[in-house]
Amino acid sequence: MERRGLIACSSTALATAIAGCLSDETAETGDGSTGADSRDSVSTFEPIVTDLRHPEPQGVSVDDEVVGTGQQHEFSATVENTGIAGDIEVTLVLLEDRELSIWSPFADESGTYERFFSEGERRTESFTVEQDGQYEGFGFRLLPAEAEVDVRNDGEGGEAEVRLLQRGGLGDGVVLESKTITVSPETTQTVPFNIDASFTLEEGIDDIQIDAEARVA
């Protein structure tokens with residue numbers, strides 16, 4: 001089962017996942033932008049977010065191959081990056097119940113790492129782990145690990161606070177990272193961010209997205 005994040009008119013999908021079911025005996029395969037609104041103001045410095053970009057990992061397929069004595073499995077996922085080039089976080093989870101959400105806090109995280117993906121790149125990532133037969137399914141949490149935010153200033157120079165936000169879910173409005181930058185007059189500046197997906201895991205995580213905003217510091 002493949003689960004993709006939603007893309008809304010004013011934000012960009014953060015979370016996606018892909019899953020499969022385990023067999024007891026044999027292997028089984030199972031953009032717009034947001035920010036400070038344009039508005040009349042007495043200030044001549046008004047930073048505005050004009051673009052938000054990040055890698056967009058999409059799960060293509062999964063596989064589970066039994067190796068060795070039968071308790072050792074090689075779990076793999078074919079992942080395609082449909083966003084900009086950058087690091088993608090891949091996490092393997094094992095599920096005692098195949099109906100359990102991959103994003104549930106009861107899913108067993110069994111390995112995680114970050115890998116760089118070029119724009120449009122598709123490749124297979126894998127984990128080899130021991131499992132004693134108590135699990136019925138498995139899945140991969142796929143998350144962008146970085147983002148870029150463009151901030152435009154049409155007036156005089158000044159300092160701006162640029163914030164990367166979570167939208168949706170239990171942590172709606174949570175600030176993932178914040179930076180204060182100096183923006184020169186009549187320029188656009190690109191601000192890099194690391195995405196720390198420390199939000200509360202929940203069943204409806206497909207609705208969780210990232211957003212960006214800028215304001216006078």
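How much net charge surrounds T187 when only the other residues with a Cβ under 12 Å from the Cβ of T187 are counted, with Lys and Arg +1 and Asp and Glu -1?
-3
If packing is taken as the average count of other Cβ atoms within 10 Å, what order do 121-128, 142-149, 93-100, 45-52 fall into, highest mean first? Don't jump to the answer; show the numbers that get you there.
Numbers: 121-128: 14.6, 142-149: 22.5, 93-100: 17.0, 45-52: 20.0.
My ranking of the peptides, most packed first, is 142-149, 45-52, 93-100, 121-128.
For the range 70-79, take each phi angle, set θ = phi - 60°, evaluate the Karplus expression 6.51 cos²θ - 1.76 cosθ + 1.60, and give the result in whole Hz per residue in order, putting x for glycine and proline.
Whole-Hz 3J(HN,Hα) from phi for the range 70-79: x, 8, 9, 10, 9, 9, 9, 9, 8, 10.
Between D172 and D132, what is 0.36 nm times their sequence separation minus the Cα-Cα distance? Round to one decimal in nm.
Fully extending the segment from D172 to D132 adds 10.6 nm.
When the Karplus curve 6.51 cos²θ - 1.76 cosθ + 1.60 is applied with θ = phi - 60°, which whole-Hz ³J(HN,Hα) does each residue of the range 142-152 get, with x for Gly and Pro?
10, 9, x, 9, 8, 8, 10, 10, 8, 10, 9
Once the Cα gyration tensor of the range 53-145 is diagonalised, what are the square roots of 5 times its eigenvalues, in whole Å and ordered largest first, as equivalent ellipsoid semi-axes?
Over the Cα atoms of the range 53-145, the ellipsoid semi-axes are 25, 14, 10 Å.
Apply the Karplus curve 6.51 cos²θ - 1.76 cosθ + 1.60, θ = phi - 60°, to the phi angles in the range 186-194 and return the couplings in whole Hz, x for Gly and Pro.
Whole-Hz 3J(HN,Hα) from phi for the range 186-194: 6, 9, 10, 10, 9, 10, x, 9, 9.
Every read-out reported here was derived from the displayed coordinates using simple, explicitly stated rules and does not represent laboratory data. The shown structure was predicted, so the numbers you read here are calculated from the model rather than taken from an experiment. Cβ atoms come from the backbone with ideal geometry, glycine included; neighbour counts cover every protein chain shown.
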